[in-house]
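Accompanying notes for the structure given below.
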Amino acid sequence: MGALLRWAEADRATVRGVLSEALVLVPVGATEQHGPHLPAGTDAFLAAAACERAAELAAPRSGRDLLLAPPIPYGASDHHLPFNGTLSLSPQTLLHVLDDLARSIAVQGGRRMVVVNGHGGNIGVCHAFAGAASTRHGLAVAHTDYWRVLEPDDVVPGHAGEFETSMMLAVRAELVQKPPGRELPPQRKVVDVDIHSEKVWRDIDGYTDRPESAAENRGRKWFEEIASGLADRFVTLAEVL
């Protein structure tokens, strides 16, 4: 049975005593506009909360100690800068930040790192980082986006839409304002192609789908499913990394 330790609350001797065998968990979020109704820290709040709850559930079943690092509150969010309320790192800077943290872990004897991402704009950076760091620093690195544990047909994560608004109602309801209602503008889709355009974001006012359909009970259900699914993955990663 493993123990859950929080890196920021531990002294150096405690970290030294567990680091070589522990699974180091690093939540990564973003600080960016989330429409007129959600706080800028939504992605950071949700990634940190999901990772911590999952670690609490996993620790009693884990074959390794779980060492929970402080969350990274910034991500690659340049596409939200036109709306204000955003503090963004360039993709290159985020890659360097993650790499420096991996280097810090490795030179102190750590061997296993799990990145739990909470922002869509970070996905490509996290994937590229994990592949490079595993070779550069001799680490075993795993990366997941917290929403990936849900069944694809159950929810569309979106941005500041029904999913994230429901999740925030479950996790930090005091920060949620009344969601707007609106008619969604028609959008022309191109199959299997991702389009990045300031016009697309402005046309939808910086948020997707229907946040007015959000509900705390659905958010709580999704949050517990995510925490449980992540916990299962942490237990498995403790065996295979």
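Between ARG103 and ALA3, the modelled labels are 3.1 nm apart [label points 7 Å from Cα along Cα→Cβ]. Equivalent-ellipsoid semi-axes for the chain (Cα gyration tensor, √(5λ), whole Å, largest first): 32, 20, 15. In the chain, Cα pairs under 8 Å separated by at least six residues give a relative contact order of 25 percent. With a simple spin-label model that places each label point 7 Å from the Cα along the Cα-to-Cβ direction, the separation between ARG210 and LEU175 comes to 2.6 nm.
If I take R0 = 35 Å and measure r between the Cβ atoms of ARG136 and GLU224 in this structure, what FRET efficiency does the formula 1/(1 + (r/R0)^6) give, to the nearest 0.05? Kindly include the intermediate steps, with their values, before the conclusion.
Working: r = 37 Å, r/R0 = 1.04.
Calculated transfer efficiency: 0.45.
Give me the percent relative contact order of the range 16-112, please, defined on Cα pairs under 8 angstrom at least 6 residues apart. Normalised by residue count, the contact order of the range 16-112 is 39 percent. Computed extension length for GLU56-ARG148: 31.2 nm, one decimal, from 0.36 nm per residue of separation with the Cα-Cα distance subtracted.
Across the range 89-154, the mean sequence separation of Cα contacts (distance under 8 Å, 6 or more residues apart), normalised by length, yields a relative contact order of 38 percent.
Values quoted throughout were computed directly from the atomic coordinates according to the rules given, and no laboratory measurement underlies them. Quick caveat: nothing in here was measured; it's all calculated off a predicted structure. Neighbour counts run over all protein chains shown; Cβ positions are idealised from the backbone, glycine included.
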